[in-house]
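Here the structure comes first, spelled out in structure tokens, and everything after it is commentary.
The values are calculated or read from the model by the stated rules, or taken from the named source; none is laboratory data. It should be emphasised that the depicted structure is a prediction, and the values quoted were computed from it without experimental measurement. Please note: Cβ atoms are built from the backbone with ideal geometry, for glycine as well, and neighbour counts cover all protein chains shown. When the accessible area is computed, the model is the full protein with side chains, heavy atoms only, and any ligands, DNA or RNA have been set aside. Shrake-Rupley method; radii C 1.70, N 1.55, O 1.52, S 1.80 Å.
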Amino acid sequence: MNKKQLKETRAKLEKTKNILMKKETRSVKEQRAIEELDEQIFTIDKELEQRKLETRKVENNNMEKHLEQIKALEGFIRTKEVRDMTTSNGGALIPTSISEEIVEKLDETAPLFGRVAKLTPVSGNLEILKEKEIGVAGFFGEGDDLDIDDFEFEKVKLEQRRAGTVVKLTQKLVNDSGIDIVGYANNLLVRRLAKTLDRAMVLGTVAKEEFEGLVNAPIECEVAPLGGEKIDDYMNCLNEMHPTLQEQAVWVVSREEFKKLSLMKDKVGNFYLTRDVIDGKPQYRLFGCEVLVSDDMAEVEGVQSYLVNVQEAFGGIIKKDMELKHINADTKNALRGSVTMILDVFADVKIKNEQAIRTLKVA
């Protein structure tokens, strides 16, 4: 499990333990369960601490090189000097450590794109296999020949689609030595890119040179509403997904739909939507699956929600090398007294397993 999954598991164990601890009288079985939960929590804490130490060690080893790369990038932004940086087409390739930091921030700020398992080719396109039909097995007597039944696959081609963003910085800001110009530019670029990439995860179409978003899910992924209570539609949609795919599945809903779900209660008065706090951030769940609010869902017609296991449903790539272009010698920038920074990222995401997507239609 990765760091996030370990923390989520720990939060669940802690919650279960607290419920048992609130009981004034506990059975021997319940007391034993508390002790087992303590042991599991201790093991997770130990693993997290170990990873923290390993991360710190790696960071210390790479800090000097990273600082040199930041200094080189800062020099490029401030003076267009490309010392110690690989150049291409009038721009400069962002150093590896900084590009990895940008990708990591993208994963944190783009909740859907961040869940995609991404390959990192240096150049060219990639083809991944998509299972079309698994075939059949059978029982055979001793000495009988087994039927030869080949697996059927389709190829999904992942191309390097350009996603870019532009930032205009005033010359005064660039010349101010007291400002972390690299960090400022990175954060601004990442926020813009994250919003664009997550939008493509929902609304993207291949015809527009974008990702193959959730709106492209085939008709066999659709789940018809039951015509009764809205909450029953969500439970029915969850049941339509295979249990092995439910564990990491998330609900993708619009802000308006989230508001409606957040007010729904059962007959006892308990809210269906549960709220946990992980790493200081609130996390909402419905029937055990995390709920992600996407403003882009407001543009999807006829759909209440998507239930999707992103890791299983999508395949993706993101090119290691990111190119930063520095433009300040053109007429517009000269008249404005500004500097334009262009960040190019090449990535692609396509659907590879329709079984991991369920589209809950509007009643």
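List of remarks:
- Residues (modelled with pLDDT under 80 and among the acidic types (Asp, Glu)) located in region 304-323: 321, 323
- Test result for residue 188, touching a residue at least 60 places away in the same chain (Cβ under 8 Å) and either more than 15 Å from residue 294 (Cβ to Cβ) or in contact with a strand residue (DSSP E or B) (Cβ under 9 Å, 6 or more places away or on another chain) (or both): no
- Filtering region 1-12 to residues that are under 20 Å from residue 111 (Cβ atoms) and either touching a residue at least 24 places away in the same chain (Cβ under 8 Å) or assigned to a helix (DSSP H, G or I) (or both) leaves 3, 4, 5, 6, 7, 8, 9, 11, 12.
- Search result, residues across region 13-37 that are open to solvent by 60 Å² or more (accessible area, probe 1.4 Å) and touching a residue at least 12 places away in the same chain (Cβ under 8 Å): 15, 16, 21
- Where residue 13 falls short, out of the listed (1) modelled with pLDDT under 90; (2) under 21 Å from residue 277 (Cβ atoms): (1)
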